[in-house]
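Undergrad: Got a structure here, written out as structure tokens. Questions coming.
The values are calculated or read from the model by the stated rules, or taken from the named source; none is laboratory data. These figures come from a predicted structure and were not determined experimentally. Please note: Cβ atoms are built from the backbone with ideal geometry, for glycine as well, and neighbour counts cover all protein chains shown.
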Amino acid sequence: MVITMSGNATAAQIDHVIERIRECGFREHVSRGTEKTVIGVVGTNSNRNEIEALRAAPGVESVTPITQSYKLVSKQMKPERTTVRIGDVCFGGPEVVVIAGPCSVESRDQLLSTARAVHEAGATMLRGGAYKPRTSPYDFQGLGIDALKFLSEARAETGLPIVTEVMSTEDVDVVAEHADMLQVGARNMQNFSLLRRLANSSRPILLKRGPSASIKEWLLAAEYLLSGGNPDVVLCERGIKTFETETRNTLDLSAVALVRELSHLPVIADPSHGTGRRRLIVLMSRAALAAGADGLIIEVHPCPERALSDGPQSLDFTQFSEMMAGLAQPSRRIANAMSLVF
């Protein structure tokens with residue numbers, strides 16, 4: 001249920017409605033907009049008739065059932081778009097957020113040189129894997145805590161906020177000490193123990209779509225985070241598995257446009273994983289922005305042919321700089337306005 005308070009509802013009237021929600025065995029999620037306060041009612045209690053009776057409570061404008069199973073993520077719950085802020089970086093605002101960096105942190109020199117290059121080119125955040133989930137147990141698994149220290153050093157030098165993946169509940173605290181944003185990788189999108197733990201984190205979460213996940217499953221994974229108390233969630237479309245074999249994944253840009261209709265959460269695109277092909281990254285970045293993406297996450301490496309992971313889908317410094325110059329740091333309005341022709 002969504003209870004919309006009238007524009008002139010008093011604080012006492014809002015508090016009364018919240019008290020009644022709790023008395024009925026539900027939990028409230030309050031969203032205070034510029035004009036009205038909206039209260040989401042969630043839980044499994046059967047006293048729905050008592051909630052519907054709140055239509056008669058002073059200050060209540062309407063009581064509306066939420067049709068989607070993802071209640072808090074839904075635009076029905078919050079018509080205004082959410083913005084997620086990390087320092088001066090704002091996901092869901094007028095400017096495009098560009099996250100760039102290597103798939104894996106391989107050494108201090110490799111990371112610092114990449115951080116300097118992407119910062120100079122205009123990136124707004126730095127990415128880099130400290131713990132790497134790999135299909136083969138024999139592949140490079142990341143440097144762990146040493147990588148986190150290198151990321152912290154790179155942030156201190158460049159000022160770029162850091163996003164890096166957290167793979168297990170045991171690693172949340174140590175990763176959060178170093179990172180400004182915690183990434184849930186595609187393989188962990190439905191790791192519900194991890195999602196519940198991250199719901200209690202003070203860090204914003206970047207939630208990647210699983211390779212075989214439907215849009216509904218993706219949004220329900222975000223629901224775990226919001227229902228547990230963390231409202232700062234950014235969705236990331238990174239490609240899904242289909243019958244196609246010419247690309248690493250199929251970058252589902254229709255999902256970017258649809259999620260903007262279904263949810264108030266910011267959404268970005270990952271054309272590096274979405275295609276697995278270096279030559280497609282720039283074009284798919286432009287296409288993602290035209291579809292309404294709030295940002296991009298791009299893999300960049302000093303020498304992709306020597307990368308310990310994802311070299312074929314990484315840009316070198318020159319390629320990334322040229323890409324950024326082509327995007328010209330557009331606002332979403334400019335990006336959607338047809339300056340991009342394929």
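Undergrad: Which of the residues spanning region 186-198 are part of a helix (DSSP H, G or I), out of contact with any Pro (no Cβ under 6 Å at 6 or more places or on another chain) and not small (Gly, Ala, Ser)?
TA: 188, 192, 194, 195, 196, 197, 198
Undergrad: Scan region 133-142 and give yes if some residue there is under 26 Å from residue 73 (Cβ atoms), touching a helix residue (DSSP H, G or I) at 6+ places or on another chain (Cβ under 9 Å) and either assigned to a loop (DSSP other than H, G, I, E, B) or among the hydrophobic types (A, V, I, L, M, F, W, C) (or both), otherwise no.
TA: Within region 133-142 (the criterion being under 26 Å from residue 73 (Cβ atoms), touching a helix residue (DSSP H, G or I) at 6+ places or on another chain (Cβ under 9 Å) and either assigned to a loop (DSSP other than H, G, I, E, B) or among the hydrophobic types (A, V, I, L, M, F, W, C) (or both)), the answer is yes, since at least one residue qualifies.
Undergrad: Still on this structure: Check residue 227 against each of (1) at pLDDT 95 or above; (2) under 28 Å from residue 193 (Cβ atoms) and name the one condition it does not meet.
TA: For residue 227, the exception is condition (1).
Undergrad: Continuing with the same structure: Please determine, by comparing only the residues of region 11-35 that are at pLDDT below 85 and not acidic (Asp, Glu), which one is farthest from residue 216 (Cα to Cα).
TA: So the residue we want is 34.
Undergrad: So, one more: Restricting to region 153-185, count the residues that are buried (at least 22 other Cβ atoms within 10 Å of the Cβ) and not in a loop (DSSP other than H, G, I, E, B).
TA: 10
Undergrad: Which of the residues that make up region 97-130 are under 22 Å from residue 234 (Cβ atoms) and among the charged types (D, E, K, R)?
TA: 127
Undergrad: Consider residue 321 against the criteria (1) polar (S, T, N, Q); (2) within 16 Å of residue 117 (Cα to Cα); (3) touching a His at 6+ places or on another chain (Cβ under 9 Å): it satisfies all of them except one. Which criterion is unmet?
TA: In the conditions (1) polar (S, T, N, Q); (2) within 16 Å of residue 117 (Cα to Cα); (3) touching a His at 6+ places or on another chain (Cβ under 9 Å), residue 321 misses (3) alone.
Undergrad: Ok, one more. Go through region 90-113 residue by residue and tally those that are in a loop (DSSP other than H, G, I, E, B) and either of a type in the set (Lys, Arg) or within 30 Å of residue 80 (Cβ to Cβ) (or both).
TA: Residues in region 90-113 being in a loop (DSSP other than H, G, I, E, B) and either of a type in the set (Lys, Arg) or within 30 Å of residue 80 (Cβ to Cβ) (or both): 4 in total.
Undergrad: Mind telling me which of the residues 34, 44, 82, 4 ends up being without any contact (Cβ under 8 Å) to a residue 40 or more places away in the chain and of a type in the set (S, T, N, Q)?
TA: Among 34, 44, 82, 4, only 44 is without any contact (Cβ under 8 Å) to a residue 40 or more places away in the chain and of a type in the set (S, T, N, Q).
Undergrad: Would a scan of region 200-213 turn up a residue that is farther than 22 Å from residue 70 by Cα, assigned by TED's automatic domain parsing to the domain that holds residue 270 and of a type in the set (Val, Ile, Thr)?
TA: No, region 200-213 contains no residue that is farther than 22 Å from residue 70 by Cα, assigned by TED's automatic domain parsing to the domain that holds residue 270 and of a type in the set (Val, Ile, Thr).
Undergrad: Output the residues belonging to region 131-145 that are in contact (Cβ under 8 Å) with a residue 40 or more places away in the chain and touching a Lys or Arg at 6+ places or on another chain (Cβ under 9 Å).
TA: 133, 139, 140
Undergrad: Inspect region 56-66 for any residue being over 23 Å from the mean Cα position of the chain (by Cα), without any contact (Cβ under 8 Å) to a residue 24 or more places away in the chain and surrounded by fewer than 17 Cβ atoms within 10 Å (Cβ to Cβ) and give the result as yes or no.
TA: yes
Undergrad: Within the set of pairs 6+ apart or on separate chains, which have a first residue in region 279-294 that is closer than 20 Å to residue 311 by Cβ, a second that is part of a loop (DSSP other than H, G, I, E, B), and C-beta atoms under 8 Å apart?
TA: Qualifying pairs under 8 Å: 280/247; 283/342; 284/251.
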